[in-house]
Amino acid sequence: MLKSLTIILASVALATIATARAEEVPNDAQIAMIAVTADTVDIDAGKLAASKSENKEVKAFAETMVRDHTAVNDKATALAKKLGVTPEESATSKTLKTNGDAQLAKMKGLTGAAFDKAYVDNEVSYHEAVAGVLDKTLLPNTKNAELKALLESARPIFVSHLEHAKMIQKSLAK
Amino acid sequence: MPDEPILAPAAQREKSEPIARREPISLLLLTVCAVTLFVAAFYIGRYSGDFSTASLDPSPAETNFVPAPIPANPVASQSAVDSARPADGQPAVVQVRIRNMQFSPTHLEIRKGDIVEWTNADLTPHTATSAGFDSGSIDPDKSWRRTFIDPGEFPYFCTFHPDMKATVVVK
C-alpha cells in the first residue's frame, strides 16, 4: 500500500515538473516579442545617448544602435505581420522592458563622462545578455524557418555591437 | 475445551509477535499530501528551468558569454574575379558583397580602371569609407560604385561599424 502510494505520488511530482517546465519554452509569438523588445530598449537608450553625450565616439555608437536596431525591428515587425503572428508578452520580454526603463531613468540623472561610462558599460552587458538569450532560448526554439533566419542574421549584428562597445569602453577607461 | 486449541495459537501470537497493524490512510491525508507535492513540484519545475531571466540582470558582475565567431562569407576567389574580366580589355565591374557585418572579399585585387561595386546584402546600412573615398550610407539592397584609376592599396572600413575592415589593391 505504501509502495503504491509512493509510486503514485512520485509520478504526480514528475508529471507536474514536466508540465511546469514545458510552459517555459517560448513560442514563436513570444520569441518575436522578445526580439522586438530587445531592439526597442536599445533604440531608446541610443536616442538618449545620441542627444546627451558630448563624446564623438559614444555619439556615433549610439546613432549606430538606433540605426541598426530600427532596421532589425522593421524587418521583424514586417515578418510577423506577413506570418500573421501577433507578438506576445512573456516574462522575458517584460524583464527586458523593466530593466531597460530602470537603466534609462538612471542615465537621465547623469551627465558628461559619468553618463558616457554608464551608457557604454550597460551596452556591453546588455549585448552580452541578449546574445546569450538569442543563443540559448530564441534560436533553439524558433519553429518558423523565416523567423529563425531573421534571428540568425541579427546575431552578427549583436556580436559586432558588442565588440564596438568594448572598443569604446577601453578608450573611455584611458 | 474445544475452543482452547483455536485460542491458544492466537494467544501465543499476541505474546510473541506484534501483529502488523494496517490502518487505512485517510483520504484527507492523501489529498493534502498530493496537493502539497503538486504545488512544490510546480514551483520547483518552473523556477529552476533554463528559460530563466537571471541573465538579464542589469549589472552582472561577470559574464561568461563568448561570442562564437561570425561565419565567414564565401570569398570570391581572385581567379573568379579574373575570369569574369571582359576579354576585350574593358574595365571589369567587380563585386564586393556586404553581409553578416563583413565585406567579402576582405582583400580584393583589381586592375587600374576597374570599377568596384559594393552591394549591401545585409540587414543594416553600411558604408565603404577610406581616406580617398566615402560611399556614405548604403542601405540594404542598395549598391555604390567607384572607379579605381590609380594603382595602390586602399584600406577602407564601415564608419558605422569600425570593426568592419577590408582592402582594395589596384595593380
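Quick notes
- Based on protein heavy atoms only, region A:98-174 ends up with 44 Å² per residue of surface accessible to a 1.4 Å probe.
- Each Lys or Arg adds one and each Asp or Glu takes one away; over the other residues whose Cβ falls under 13 Å from the Cβ of A:THR37, this sums to -4.
- Here each label is just a point 7 Å from Cα along the line to Cβ, and for A:THR98 and A:ALA15 those points are 3.3 nm apart.
- Taking chain A as a Gaussian network of alpha-carbon nodes connected by springs under 10 Å, the highest mean-square fluctuation of the residues A:ALA154, A:ALA32, A:ALA105 belongs to A:ALA105.
- Using the alpha carbons alone, the radius of gyration of region A:106-164 stands to its Kirkwood radius in an Rg to Rh ratio of 1.14.
- Here region A:111-174 exposes an accessible surface that is 59 percent carbon and sulfur, computed with a 1.4 Å probe and the other protein chains kept in place.
- For the chain pair A and B, the buried solvent-accessible surface (1.4 Å probe, both sides summed) amounts to about 3700 Å².
- Relative packing of B:120-127, A:41-48, which averages over residues the other C-beta atoms within 10 Å, highest first: B:120-127, A:41-48
- Additional length obtainable on full extension of the chain from A:SER51 to A:ILE7, 0.36 nm per residue less Cα span: 9.4 nm
- Note on A:LYS170: lysines with a C-alpha under 30 Å away, same-chain residues under 8 apart excluded, are A:LYS47, A:LYS52, A:LYS56, A:LYS59, A:LYS97, A:LYS106, A:LYS108, A:LYS117, A:LYS136, B:LYS165.
- Averaged over A:66-75, number of beta-carbon atoms from partner chains that fall within 10 Å: 3
The values are calculated or read from the model by the stated rules, or taken from the named source; none is laboratory data. Quick caveat, the model's predicted, so the values are computed rather than measured. Note that each Cβ is placed from the backbone with ideal geometry, even for glycine, and that neighbours are counted across all protein chains shown. Please note that ligands, DNA and RNA were not included when accessible areas were found on the heavy atoms of the full protein model with its side chains. Shrake-Rupley method; radii C 1.70, N 1.55, O 1.52, S 1.80 Å.
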